[in-house]
Every structure is written in C-alpha cells, then in structure tokens.
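The values are calculated or read from the model by the stated rules, or taken from the named source; none is laboratory data. Not measured: the values here are computed from a predicted model. When we count neighbours, we look across all protein chains shown, and the Cβ atoms used for this are built from the backbone with ideal geometry, even at glycine. Note: areas computed on protein heavy atoms with side chains; ligands, DNA, RNA excluded. Shrake-Rupley method; radii C 1.70, N 1.55, O 1.52, S 1.80 Å.
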Amino acid sequence: MLGPVECRDGAGRPVRLGGPRHREVVARLLVARRRVVPVDRLVADLWEEPPPGATGAVRTFVAELRRALEPGRRPRTPSRLLATEGPGYVLRPDPRADAVDAWHFEAEVARAAGLAPAEAAPVLDAALATWRGPAYADFPGARWAHAERARLAELRLHAVERRADALIRSGAPREAVWDLDAHVAEHPWREDGWHLLATALLRSGRQGDALGVLRRARQVLADQLGADPGPGLARLEREVLRQADHPDEAAPATGDEVWSSAAAAYEGSVPARSPARLEATASLLRELAVTGAGGLGAARRHRAAAVAAAERTGDAELAARVIGVYDVPAVWTRVDDPDAARTVVRTAERVLARLPGDAPETVRARLLASVAVESRGDALAEGALPRAADPPGGAREPWRRRARQAAVEAESAARRLHDAPLLAFALNGTFLQSFAHCGQAARRDAIGAELVRLARTHGLLGPEVLGRLIRVQALAGLGDLPGADHQATTADHLADRYERPLARVFTTWYRALRTTLATPADLAAPEAAEVTEAAYAEAIALLPTCGMPGFATGLPALTRLAPVVRAGALPAPEAFAEADWGPYDPWVRPLLLLGDARPDEARETLRTAPRPPHDLMAEPMWCLLARAAALAGDPVLAARAAAVLGPAEGQQAGAASGLLTFGPVATYLAEAREAAGG
C-alpha cells in the first residue's frame, strides 16, 4: 500500500492481481482493516457513476482475486483470506504486523517511540525504507483513499522528524542534516522540521548555517502562513544569536550533554539493584509521561514493571513511594491500558495493607490517590457490567465505592497536611471519581477552579494545565462557552511555553465542539454533517499519534453520528458500515439496528446492553439508550434512562466531555419519559 498497490507471496514473488479495478478492490478492502465492506459501498467507491451490471462486475473481480490470492484453495471451499460476510466482503491478511506494509510501518513507528535514540534511529530508518511512493499511488483521485492516504502521509512525516531527532540525540547530527534539508524544502510549514534542521546544524558546529535556516523559516512561515515562528523556534533562534554574539566563549553544555554526563555519573555511583535506582526510575517515568505521545506510551509500558519490582523487594514503604510518585495529571476518564492500571491498583491495595503504622501519612495518602486515579471509569471491573435495565448497585458497586472512598481519604489527608502537590494529586482522583451521577458539570468546574488556584499559588505547572482542561470540559457542559474559550486559550499558552503537547489534543477537540455548538439548530442534516466534518478534521488528525488509545478509539465515528442523532434521524447502516465504534459500540448498536429496520434485534440488544461506564461519555451514551428504548418500545429501559439523565436536563448531551454533543439532554429525556408512560 505504501506506493502502487502490489501483492507478493510468502517467497516474495509478485502475485498478478489483474487489472486496475482488481487492485482497487484489494486496496479498498485493506483500508477497511479486516472489517466487512458492503457490495453497495464497493460499487459506489469504484465508480462515480456505476455502469449497469456494476454489482456483478465486483463479484467477478472478487472471484478472480480469490484465485490469484489463494491458488491452492480447493474448489467450493470457503476463502479464508477474501471472505464473503453478510452484505459484502472482508480481506483478512495474516494478523502479523508485517503482512501489510502500512500496518507494519505504523507498528514500527510506535515501537521506536519507546526506544533509546540510538536504538530508535535504525528502526525508523528501516520503517521509512518500506515506502515506494505515495500511499495508494495508483489511485490518486479515489475518494475512499483520501483520509487514509492523508493519515499515512502525516505519520511518515512524523517518522522522518523522529528519526532526525533520534540521530541528533544519539550524537550523529551531521547524518540528520541532508534529509532534514530536503524535508523542510518539501514541507515548509512544519516547524518541527525547521527546529530539527537548525539544531542539527548547531550541534554540527555550523552556527551561521543554523541561524540562516531559522531566518529562512521565519520568512517562509510569514509568506506562506502569515504566522510568526512558534515558541520553540524563537527560543532556538535566541540561543544561536547568543552564541554568535560571543564566539570566543566556550559554548555551554547543551541539555543533552548535561543529561549524558549526569546519567553516566549516576550509573557509576548508584548500585544496579538499589532502592534509589527504583525510585529514580519511577520519577523519570512521571516526567516522561508528560513529554508527548511517545513518552506517555513508554511510561505506561514501564511503570507496571517498576511497581512490580518495588513490591518484590518486600519494602512496603519503598513500593508505596514508587507507586505514589507517578502523579501524572489525568483529564480523560477511560484508562489507556486497563490491565496495567488493574495491576497498579491491586499492588497499591496490598502495599496499603502492609504499610507499618508509623509510615508517613503522605505516603499512605499518595497510595490512596493512585487507587482513585487508576480506578477511573469502569475499565478495571472484570467481566460484564450490570445491564442498563438493572437497578443501581450490582456486583461492581463495592469496587466503585472503594475507589470513591480512596479519593475522599486522600483529599482529606492532603488538606490536613497542607501539602499542595499531594492535594493536587488527590483532587485529580476526586475529579475522576465524580461521575457516579450525570449532570455534575458544576461540581467538576469547582474542582478545576481549585486546582488552578492551588497551582498558581504554589507554582505547580501540571495541575494548572489539568485544572484548566477540566474547566474547559465543565464550562462547555454548562453552556459557558466564553469561559471555556478563556480556559482553553490559557491551557494552550501554558502547553506551548512549558512543552506539554498533549494539552493541545484536548483544546483542539474543544474548538471543534465549539463550532458545532454554534451551528444553527435548524440546519438540515446533510449541511450539519458537512459543518461537523470540517470542524473535526484537525482534531481527528491528532488521534493516530496522540498516544492515548483510551481517548482516541471510537471518537471519529461518534463525530459522524452526532449530526444524525441531533437531527432526530436514525443512522443509515450503509453510511456507517465501516465505522469503528470502539468501546461505544454497545450503545450505538441498537440505533444502527433500528436504522436497518430490525426492531426485534434492537430490542434484544437493548436487553443485554451494559450500563454506560461512569465517565465523561456517560451522558451521551445514556441519551443514545434513551432514544433507542423509546423507538424500540422498551418502557423499563426508557424509565431507567430518564431517571439517570434527569440531573443533566439543562445540559447539552456530551458537551461536558469537551469533545462532541448529541444536542440537548432535554430532548432525549422527553422521548424517554413519554416511552416510559410518565
């Protein structure tokens, strides 16, 4: 796929797929990533104006492709590679990551993010070498390929820049210069490219060339975008100018040189298995997690191992410190790795039980805050959640109650101790445990406001960014858009100034939501869908590399669904045949079945649907259940949904997530109450 579409067998020999249409069918099915593509969708994607017999032609293409792709398959035996399922076809290559070059490329770029610079550079080299040209190069005008081509192209540019960064950090800046020069010439709007090129030149002893590059970047950005360089480029330009003004002074050590020197001293002074090394590792992981998507993923992977190693020492206080030091601000309510979070929570509970009576209260409180933060949402509950129609309580209620109790105890201890960093960590747990009921945006805004005040008083950067992002969500839910705008602008300023790139993911999504909230309510569904698609294009483009799967998965599909449900319509199945609903599938599925005129299946799906988790997406998911229950004639579920949504009656469904909205909660409440007979 990374170039003209081609196929090879296990020995590397080319496989003749047939004509251009045959290759396009293969490519179109691969874009669906092992999901079924209906025949009608294939026809619409292959021809702007389908000719008579187009459906039969597609079936012929598929039959010929099966013979080419599985030459040893016996007649009349089903194909395991290109299968017929339901209304269409699905292509399922070997699940190994290297079976499809684009999938392999993505996996290698993600793997490199967790490696040291010297190890990451060759991995990225090999990954970039798999590109033979633009993705889907033989179908440049195909609409079905547009989004995937753009996504892969962006990921490739990201990989080029990360490879250059790895070369610079591993002491080979000269090797990065040539490729970066070509990179900025081809993509002059990418500030990271200019920054890396100037840095590589500076580290290579070419001060004058570095200054020339920065001035060229300033001119290009002004001419092409009408914008000034960002904070990072401006800082680098000042550094180069300072060195140019004092050429006879010995250049001070760079951050990388200081880091390398200190790391070498640490390696030589601290024994390999000492408790100090474990604590230092945990502190490093905390700092790594806020540096961006790659750092967050690496920190997540290594944290559970550090916690397990600390527990194995048998020193409960050491284990408590290793767990509790990881006070990384968390604004999203679905964990990225439930298994790792479950491991941390269970270890924390065991350590709490073993702590000696004279252990410092701060140590105990940090463990409790860790339990509250890692137990957010319902991600750690094992097995199925209680059905939506069940009464409150159920098998998981003690677990949820424990998490809320941990948040209360941690916050109480932090206030007694007048420990500002501990209180900020505890308030993060309080926020993440504030979703037991809908309609709590005002309470969460108060938590965010306290975090901001606390952070500004004590100079705590992370908690201030967290507090402002919490307020963005809460104020959007309360309808105070000017207030939310102010918080988002301030969060962006802090993120740029102090290099907290993940904050912009949330503010970009908020601004897309802001656009949809300002869209006239009486706009026809097609026009509303166009406005929504344009508003969310930038936000969705951030998801593949944000490093937060618990946040990213399923959101693009929900943004497409939102204008449909806001208009009071049912989703057309063919329009969402390839949608990836991720964790939201159980609550979207009944509406899809109703849209496909399958009410009996919709009612059965509603009967077994799990209760939406206690998180930022609870209100919009309950609204979907309320509408489906009303349309399918399920008065019990409709009454349950009405009871749950009642406290949020004056809010916009989903706006308090800071991401999207399904329209006024009052609309869904009215439908549910009528269906329930109330």
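For the stretch 62-83, indicate whether the set of residues that are of a type in the set (Gly, Ala, Ser) and in contact with an Asp or Glu (Cβ under 9 Å, 6 or more places away or on another chain) is non-empty.
Checking the stretch 62-83: at least one residue is of a type in the set (Gly, Ala, Ser) and in contact with an Asp or Glu (Cβ under 9 Å, 6 or more places away or on another chain).
Within the stretch 660-678, can you find the residues that are over 26 Å from PRO556 (Cβ atoms) and either among the polar types (S, T, N, Q) or part of a helix (DSSP H, G or I) (or both)?
ALA666, LEU669, ALA670, GLU671, ALA672, ARG673, GLU674, ALA675, ALA676 - these are the residues of the stretch 660-678 that are over 26 Å from PRO556 (Cβ atoms) and either among the polar types (S, T, N, Q) or part of a helix (DSSP H, G or I) (or both).
Which condition does PHE425 not pass, out of (1) without any contact (Cβ under 8 Å) to a residue 40 or more places away in the chain; (2) farther than 17 Å from ARG334 by Cα, if it passes all the others?
(1)
Quick one: which helices (runs of 4 or more DSSP H) sit completely within the stretch 169-235 and have at least 3 residues that are among the charged types (D, E, K, R) and over 21 Å from LEU115 (Cβ atoms)?
173-186, 207-225
Could you grab me the full set of residues in the stretch 139-165 that are open to solvent by less than 50 Å² (accessible area, probe 1.4 Å) and outside any helix (DSSP H, G or I)?
Within the stretch 139-165, PHE139, ALA142 qualify.
When the residues of the stretch 636-676 are filtered to those that are crowded, with 23+ Cβ neighbours inside 10 Å and hydroxyl-bearing (Ser, Thr, Tyr), which remaining residue is farthest from GLY377 (Cα to Cα)?
Selected residue: TYR668.
Among the listed residues ALA107, ALA83, identify the single one that is open to solvent by less than 60 Å² (accessible area, probe 1.4 Å), without any contact (Cβ under 8 Å) to a residue 24 or more places away in the chain and outside any helix (DSSP H, G or I).
The unique qualifying residue is ALA83.
Please work out which one of (1) small (Gly, Ala, Ser); (2) within 25 Å of the chain's Cα centre (by Cα); (3) open to solvent by 20 Å² or more (accessible area, probe 1.4 Å) is the condition ALA484 fails and give its number.
(3)
Scanning for something free of Cβ contacts under 8 Å to residues at least 40 places away in the same chain, buried (at least 20 other Cβ atoms within 10 Å of the Cβ) and in a helix (DSSP H, G or I), does the stretch 565-582 turn up at least one residue?
No: zero hits.
For the stretch 602-614, give me the residue count where each residue is assigned to a loop (DSSP other than H, G, I, E, B), open to solvent by less than 10 Å² (accessible area, probe 1.4 Å) and of a type outside the set (Gly, Ala, Ser).
Matching residues across the stretch 602-614 total 1.
Which pairs do you get when a residue that is at positive phi and without any contact (Cβ under 8 Å) to a residue 24 or more places away in the chain, found in the stretch 39-53, comes within reach of a residue that is in a helix (DSSP H, G or I) and loosely packed, with under 15 Cβ neighbours inside 10 Å, reach meaning Cβ atoms under 8 angstrom, with the pair 6+ apart or on two chains?
So the pair list comes out empty.
Scan the stretch 310-336 residue by residue and report those that are free of Cβ contacts under 8 Å to residues at least 40 places away in the same chain and open to solvent by 30 Å² or more (accessible area, probe 1.4 Å).
ARG312, THR313, GLY314
Does at least one position in the stretch 125-136 carry a residue that is part of a loop (DSSP other than H, G, I, E, B), β-branched (Val, Ile, Thr) and under 23 Å from VAL39 (Cα atoms)?
No, the stretch 125-136 has no match at all.
Before we move on, is VAL408 of a type in the set (A, V, I, L, M, F, W, C), open to solvent by 70 Å² or more (accessible area, probe 1.4 Å) and touching a Ser or Thr at 6+ places or on another chain (Cβ under 9 Å)?
In short, yes.
Looking at (1) farther than 30 Å from VAL290 by Cα; (2) touching a residue at least 24 places away in the same chain (Cβ under 8 Å); (3) open to solvent by less than 40 Å² (accessible area, probe 1.4 Å), which is the one condition that is false for ALA121?
Result: ALA121 fails condition (1) only.
If you check ALA153, ALA164, which single one turns out to be out of contact with any helix residue (DSSP H, G or I) (no Cβ under 9 Å at 6 or more places or on another chain) and in contact (Cβ under 8 Å) with a residue 12 or more places away in the chain?
When all the criteria are applied, what remains is ALA153.
Has the stretch 457-471 got at least one residue that is outside any loop (DSSP other than H, G, I, E, B), modelled with pLDDT of 95 or more and among the hydroxyl-bearing types (Ser, Thr, Tyr)?
No, the stretch 457-471 contains no residue that is outside any loop (DSSP other than H, G, I, E, B), modelled with pLDDT of 95 or more and among the hydroxyl-bearing types (Ser, Thr, Tyr).
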